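Working notes, structure below.
The values are calculated or read from the model by the stated rules, or taken from the named source; none is laboratory data. None of these values were measured; they are calculated from a predicted model. No Cβ is skipped: glycine too gets one built from the backbone with ideal geometry, and neighbour counts run over all protein chains shown. Accessible surface areas use protein heavy atoms only, side chains included; no ligands, DNA or RNA. Shrake-Rupley method; radii C 1.70, N 1.55, O 1.52, S 1.80 Å.
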Amino acid sequence: MRQDICWWCFHGRVEPKRLIAEAKRIGYEGFELVPEPLWDMVKEAGMHIVTHGGHGTIENGMNDPRNHSRIEDELKATIDKAVKYEIPILICFSGNRRGRPDEEGIENTVACLKRVAPYAEQKGITLALEILNSKVDHRDYQFDRMQWGVRVVEQVNSPRVKILYDIYHAQIMEGDIIRTIRAHHDKIAHYHTAGNPGRNEIDDTQELYYPAIMRAIKETGYTGWIGQEFVPKGDPIAALRDAFERCQPRTG
């Protein structure tokens, strides 16, 4: 299982060069959501940049037609940067609900993604719509249930439009993680981790059992990345080492 680290979780906790060196020593192969000024540093270290934000912002997203032209321009520009730096996945957001019914939000998000999907297909970059919880971290976010995103992906019908299945966020909203992965793995481009409750280490203090989740992901034939997106309470490097081991599926 190829694993990477979401940069923001360790920003200010570990000096960048040390974080890169320690990550390589543990076995991580890349980073996500790295500040653009540090992209060259990551690449020069022989590490991958796995994802980047495709557009801004989380709250003002694709479910509002007033944002479509801006998001199209931002995504096309970011796709060009992704090609240059070999970033395979750009993260996209539904936006906040603001009283908008699910059907309307789905229709608008599909329309926005269809404007950009042909360019993403041409450039070989995947757009991953992220599921987030609207209960704790992102109040009023519309794509907070897997079925909402599944319907968007089905209607866009592009090999370059998928879902970022954030296990932490999905656990807060509806749980049933392994069954969901097995049912919808063909629509998932990428996975994020974190412990729940608290979004901290994925250890024995929280309710998600990642070894079983990783086995289920592996059994679907998934060959992509697992992004560690937890905020460590204790020693960051020790937490990364432990998380790496927990996310290596044991079979047989």
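Scan the stretch 80-100 and tell me whether some residue there is in a helix (DSSP H, G or I), crowded, with 19+ Cβ neighbours inside 10 Å, in contact with a Leu (Cβ under 9 Å, 6 or more places away or on another chain) and among the hydrophobic types (A, V, I, L, M, F, W, C). Please lay out each step first, then the result.
Initial filter on the stretch 80-100 (in a helix (DSSP H, G or I)): 80-85.
Filter again for crowded, with 19+ Cβ neighbours inside 10 Å, leaving 82.
With in contact with a Leu (Cβ under 9 Å, 6 or more places away or on another chain) added as a condition, the list becomes 82.
Of the ones still in play, those that are also among the hydrophobic types (A, V, I, L, M, F, W, C) are 82.
The answer is yes, given that some residue of the stretch 80-100 is in a helix (DSSP H, G or I), crowded, with 19+ Cβ neighbours inside 10 Å, in contact with a Leu (Cβ under 9 Å, 6 or more places away or on another chain) and among the hydrophobic types (A, V, I, L, M, F, W, C).
Tell me which helices (runs of 4 or more DSSP H) are completely within the stretch 132-235 and hold 2 or more residues being charged (D, E, K, R), or say none if there are none. If you could, list the steps in order and put the result at the bottom.
On the way: elements: 146-156, 167-173, 177-184, 210-219.
In the stretch 132-235, the matching helices (runs of 4 or more DSSP H) lie at 146-156, 177-184, 210-219.
Just to check your reading of the model, which residue among His169, His192, His184 is closer than 26 Å to Ile20 by Cα and under 16 Å from the mean Cα position of the chain (by Cα)? I'd like the intermediate steps shown before the answer.
Working: His169 fails: closer than 26 Å to Ile20 by Cα; His184 fails: closer than 26 Å to Ile20 by Cα.
One residue alone meets the criteria, His192.
In this structure, does His138 turn out to be under 19 Å from Gly53 (Cα atoms) and open to solvent by less than 10 Å² (accessible area, probe 1.4 Å)?
On the way: under 19 Å from Gly53 (Cα atoms): yes; open to solvent by less than 10 Å² (accessible area, probe 1.4 Å): no.
Here the answer is no, as His138 does not meet what is asked.
Counting only residues that are of a type in the set (Gly, Ala, Ser) and either open to solvent by 20 Å² or more (accessible area, probe 1.4 Å) or at pLDDT below 95 (or both), which one in the stretch 60-79 is farthest from Val136 (Cα to Cα)? Quick ask: steps written out before the conclusion?
The first filter runs over the stretch 60-79 and keeps only residues of a type in the set (Gly, Ala, Ser), leaving 61, 69, 77.
After this cut, where a residue has to be either open to solvent by 20 Å² or more (accessible area, probe 1.4 Å) or at pLDDT below 95 (or both) as well, the list is 69, 77.
Working: Ser69: 30, Ala77: 32 Å.
Of everything passing the filter in the stretch 60-79, Ala77 is farthest from Val136 (Cα to Cα).
Quick check on Thr205: is it farther than 22 Å from Arg18 by Cα, touching an Asp or Glu at 6+ places or on another chain (Cβ under 9 Å) and among the hydroxyl-bearing types (Ser, Thr, Tyr)?
Working: farther than 22 Å from Arg18 by Cα: yes; touching an Asp or Glu at 6+ places or on another chain (Cβ under 9 Å): no; among the hydroxyl-bearing types (Ser, Thr, Tyr): yes.
Spelling it out, it is not the case that Thr205 is farther than 22 Å from Arg18 by Cα, touching an Asp or Glu at 6+ places or on another chain (Cβ under 9 Å) and among the hydroxyl-bearing types (Ser, Thr, Tyr).
Within the stretch 101-121, track down each residue that is crowded, with 18+ Cβ neighbours inside 10 Å and not hydrophobic (A, V, I, L, M, F, W, C).
Initially, the stretch 101-121 is screened for residues crowded, with 18+ Cβ neighbours inside 10 Å, giving 105-106, 108-110, 112-113, 116-117, 120.
Scanning the stretch 101-121 gives Gly105, Asn108, Thr109.
Could you tell me whether the stretch 147-170 includes any residue that is of a type in the set (Gly, Ala, Ser), surrounded by fewer than 22 Cβ atoms within 10 Å (Cβ to Cβ) and over 24 Å from Cys92 (Cβ atoms)? Show your work before the answer.
Within the stretch 147-170, the first condition is being of a type in the set (Gly, Ala, Ser), and the residues that meet it are 149, 158, 170.
With the extra rule that they be surrounded by fewer than 22 Cβ atoms within 10 Å (Cβ to Cβ), the set shrinks to 158.
The next check asks that each one be over 24 Å from Cys92 (Cβ atoms); those that pass are none.
Taking every residue of the stretch 147-170 in turn, none turns out to be of a type in the set (Gly, Ala, Ser), surrounded by fewer than 22 Cβ atoms within 10 Å (Cβ to Cβ) and over 24 Å from Cys92 (Cβ atoms).
Pick from the stretch 216-238 the residues that are over 25 Å from Lys187 (Cα atoms) and under 20 Å from the mean Cα position of the chain (by Cα): which of them is most open to solvent (accessible area, probe 1.4 Å)? Give the derivation first.
Of all residues in the stretch 216-238, those over 25 Å from Lys187 (Cα atoms) come to 231-238.
Going one step further and asking which of them are under 20 Å from the mean Cα position of the chain (by Cα), we end up with 231-232.
Numbers: Val231: 27, Pro232: 11 Å².
If we take residues in the stretch 216-238 being over 25 Å from Lys187 (Cα atoms) and under 20 Å from the mean Cα position of the chain (by Cα), then Val231 is most open to solvent (accessible area, probe 1.4 Å).
Name every residue in the stretch 1-49 that is open to solvent by 50 Å² or more (accessible area, probe 1.4 Å), out of contact with any Leu (no Cβ under 6 Å at 6 or more places or on another chain), under 20 Å from Asp166 (Cα atoms) and assigned to a helix (DSSP H, G or I), in order of residue number.
Across the stretch 1-49, there are no qualifying residues.
Taking only pairs six or more apart or across chains, which ones have beta-carbon atoms under 7 Å, a first residue in the stretch 56-78 that is assigned to a loop (DSSP other than H, G, I, E, B), and a second residue that is open to solvent by 20 Å² or more (accessible area, probe 1.4 Å) and among the basic types (Lys, Arg)?
These pairs meet every condition: Asn63/Arg100.
Report whether or not Arg241 is among the basic types (Lys, Arg), open to solvent by 30 Å² or more (accessible area, probe 1.4 Å), farther than 18 Å from Ile163 by Cβ and assigned to a helix (DSSP H, G or I).
Working: among the basic types (Lys, Arg): yes; open to solvent by 30 Å² or more (accessible area, probe 1.4 Å): yes; farther than 18 Å from Ile163 by Cβ: yes; assigned to a helix (DSSP H, G or I): yes.
Considered against the rule, which asks whether it is among the basic types (Lys, Arg), open to solvent by 30 Å² or more (accessible area, probe 1.4 Å), farther than 18 Å from Ile163 by Cβ and assigned to a helix (DSSP H, G or I), Arg241 comes out as yes.
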